[in-house]
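Undergrad: Below is a structure I'd like to ask you about.
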Amino acid sequence: MKQINACGVLLAVWFIFGSLSSVQGDLKIGFYDESCPQAEKIISEYVKKHIPHAPTLAAPLLRMHFHDCFVRGCDASLLLNSSSQQAEKDAIPNKTLRGFDFIDRIKSLLEKECPGIVSCADILSLVARDAVVTIGGPTWKVPTGRRDGTVSNKTEALQDIPAPNMNFSQLITSFGKKGLDLNDLVWLSGAHTIGIGHCNAFSKRLYNFTGKFDQDPSIDPFYAANLKKYKCKSLSDNTTFVEMDPGSFLTFDNDYYKNLLKRRGLFTSDAALITNATAKAGVTTLANSSDSVFFTVFAISMEKMNRIEVKTGSEGEIRKHCALVN
């Protein structure tokens with residue numbers, strides 16, 4: 001797995017960013033220019049109108065895109081409702097997602113504008129980008145032309161979505177299966193600069209780390225004490241939520257990496273990033289750099305991620321309703 005060390009991050013950015021801007025497969029910038037020329041404008045304007053009134057929705061929309069791409073590729077299979085089998089959205093990692101109705105409303109607008117043309121997979125990819133931009137985060141290129149999958153399986157979601165309790169080796173394996181490397185792991189984890197986590201996703205670190213009612217020694221004791229006192233007051237709490245980036249969970253910035261170096265990563269998967277020397281060097285580089293550096297490398301990995309196992313051409317379908325196959 002080819003990696004870029006921390007010292008080479010900035011030197012490599014220009015080359016990688018330029019190479020990713022080219023067309024890959026049947027995806028291309030402006031895919032709908034002729035078939036539905038107002039498509040991207042309709043999506044962007046809807047996001048810009050509504051996200052400022054609901055800024056906490058940006059994080060789950062970004063997470064939705066991430067979770068979708070990790071299961072059967074970026075094909076909007078996450079959006080499908082359960083039918084004869086339980087769908088991805090019913091898997092535990094997706095139970096806390098919000099924003100399905102947001103996607104549905106945009107799809108409805110596009111169906112009125114140009115019926116049967118714009119895929120739910122492209123909508124999800126564009127909405128994730130536009131939501132992040134609207135709250136002041138980075139932008140990235142989203143070539144379009146994805147088609148929608150027709151299969152959604154709860155078991156596959158449980159198997160393929162990286163879990164918050166994964167260690168570094170498990171994370172590298174999970175990302176590697178999708179063609180993502182160590183750098184992508186470090187850079188995409190920066191999405192945790194916004195949003196929340198529920199206590200049941202990490203409380204074992206506070207109360208029963210090894211099964212002996214102990215605390216994870218890798219977590220900052222002061223941070224852990226505050227979580228226990230003010231947030232997750234018991235191991236059984238499965239409703240309380242915690243900011244993943246305390247103090248700036250609505251701001252897309254590099255504070256997430258600064259907190260990791262203070263041993264204040266919320267999940268085991270966050271803390272794992274400083275258990276490997278190369279990954280820690282990357283974290284340190286971003287923690288000590290400007291937000292613009294983080295924005296640039298995050299965009300690189302998002303462009304890479306939104307191409308995972310895409311369906312194009314005659315594959316899949318263009319759903320009329322994102323929650324249902326045609």
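The values are calculated or read from the model by the stated rules, or taken from the named source; none is laboratory data. Here the structure is a predicted model, which is why all the values come from computation and not from measurement. A quick note on method: Cβ atoms are made from the backbone with ideal geometry, for glycine too, and the neighbour counts reach across all protein chains shown. We work out accessible area using only protein heavy atoms, side chains counted, and drop any ligands, DNA or RNA first. Shrake-Rupley method; radii C 1.70, N 1.55, O 1.52, S 1.80 Å.
Undergrad: With θ set to phi - 60°, apply the Karplus curve 6.51 cos²θ - 1.76 cosθ + 1.60 along the range 217-226 and write out the HN-Hα couplings as whole Hz, x wherever there is a Gly or Pro.
TA: Coupling constants for the range 217-226: x, 7, 8, 4, x, 5, 4, 4, 4, 5 Hz.
Undergrad: Looking only at Cys120, Cys36, Cys74, which one moves most when the chain is put into a Gaussian network model with springs between Cα atoms under 10 Å?
TA: Answer for the Gaussian network model of the chain: Cys36.
Undergrad: Please give the contour-minus-distance gain from Asn326 to Ser169: 0.36 nm per residue of separation, less the Cα-Cα distance, rounded to one decimal in nm.
TA: Answer, rounded to one decimal: 52.5 nm.
Undergrad: Compute a Gaussian network model of the chain, connecting alpha carbons closer than 10 Å, and tell me which residue from Ser189, Ser248, Ser236 fluctuates the most.
TA: Ser236
Undergrad: Considering only lysines 8 or more places apart in sequence, or on different chains, count the pairs in the range 32-169 whose C-alpha atoms sit under 25 Å apart.
TA: The result is 16.
Undergrad: Using only Cα atoms, figure out Rg for the range 173-326 and give it as a multiple of 2.2 N^0.38 Å.
TA: The reported ratio for this selection is 1.21.
Undergrad: How big is the range 57-169 on each of its three principal axes, counting only the C-alpha atoms and giving the largest first in Å?
TA: Cα spread of the range 57-169 along its principal axes, largest to smallest: 42, 38, 22 Å.
Undergrad: Could you order Glu113, Glu40 so the one with the most accessible surface comes first? Probe is 1.4 Å.
TA: Glu113, Glu40
Undergrad: Please work out the FRET efficiency for the pair Ala281 and Asp214, using the Cβ-Cβ distance as r and a Förster radius of 30 Å; give the result to the nearest 0.05.
TA: 0.50
Undergrad: Something else about it: Looking only at Arg105, Arg263, Arg146, which one moves most when the chain is put into a Gaussian network model with springs between Cα atoms under 10 Å?
TA: Arg105
Undergrad: Using the Karplus curve 6.51 cos²θ - 1.76 cosθ + 1.60 with θ = phi - 60°, work out ³J(HN,Hα) for each residue of the range 243-254 in order, rounded to whole Hz, and write x for Gly and Pro.
TA: 5, 6, 10, x, x, 8, 6, 9, 10, 7, 8, 8
Undergrad: Next question, about the same structure. Whole-Å semi-axes of the range 95-241's equivalent ellipsoid, largest first, each the root of 5 times a Cα gyration tensor eigenvalue?
TA: 35, 18, 16
Undergrad: Follow-up. Straight distance only, please: which aspartates and glutamates reach the Cα of Lys177 with their own Cα at less than 12 Å, same-chain residues fewer than 8 apart left out?
TA: Straight-line reach from Lys177, under 12 Å: Asp160, Glu309.
Undergrad: Calculated from the structure, Cα extents along the principal axes in Å equals which of (1) 63, 54, 37; (2) 58, 47, 36; (3) 73, 38, 35?
TA: (2)
Undergrad: Mind counting lysine pairs for me in the range 218-326? Cα separation below 21 Å, and the two need to be 8 or more apart along the chain or on different chains.
TA: Value for the range 218-326: 6.
Undergrad: Right, another one. Rounded to the nearest 0.05, what FRET efficiency is calculated for Ser290 and Ser83 with R0 set to 56 Å and r the Cβ-Cβ distance?
TA: 0.70
Undergrad: Amide H of Asn208 versus every other amide H placed in the peptide plane: which residues, excluding those fewer than 5 positions away on the same chain, fall under 5 Å?
TA: Amide H neighbours of Asn208, under 5 Å, 5+ apart: Asp214.
Undergrad: Taking 25 °C and 0.890 mPa s as the conditions, I'd like the Stokes-Einstein D for the range 76-141 in µm²/s, using the Kirkwood hydrodynamic radius from alpha carbon pairs.
TA: D = 184 µm²/s.
Undergrad: Scale the Cα Rg of the range 178-227 by the rule-of-thumb value 2.2 N^0.38 Å and send over the ratio, two decimals.
TA: So the range 178-227 has a normalised radius of gyration of 1.44.
Undergrad: At 7 Å along the Cα-to-beta-carbon direction for both Ser248 and Thr139, put a label point, then send me their distance in nm to one decimal.
TA: Placing both labels 7 Å beyond Cα along the Cβ direction yields 2.2 nm.
Undergrad: For Tyr32, list long-range residues whose amide hydrogen, built 1.01 Å from N in the peptide plane, is under 5 Å from its own amide hydrogen.
TA: none
Undergrad: Would you mind pulling out the separation of the Cα centroids of the range 217-272 and the range 158-204, in Å?
TA: 15 Å
Undergrad: Taking all protein chains in place and a 1.4 Å probe, what share, in percent, of the accessible surface of the chain do carbon and sulfur account for?
TA: Carbon with sulfur: 55 percent of the solvent-accessible area.
Undergrad: Something else about it: What are the ³J(HN,Hα) values, in whole Hz, obtained from phi via the Karplus relation 6.51 cos²θ - 1.76 cosθ + 1.60 with θ = phi - 60°, for each residue of the range 94-108 in sequence order, with x given for Gly and Pro?
TA: Each residue of the range 94-108 in turn: 9, 5, 9, 5, 10, x, 4, 5, 4, 5, 4, 5, 5, 4, 4 Hz.
Undergrad: What nm distance separates the two modelled labels at Glu309 and Lys177, each placed 7 Å from Cα along Cα→Cβ?
TA: 0.8 nm
Undergrad: Something else: Quote to one decimal, in nm, the extra length available between Thr56 and Lys258 on full extension: 0.36 nm per residue of separation minus the C-alpha distance between them.
TA: So the extension gain works out to 70.5 nm.
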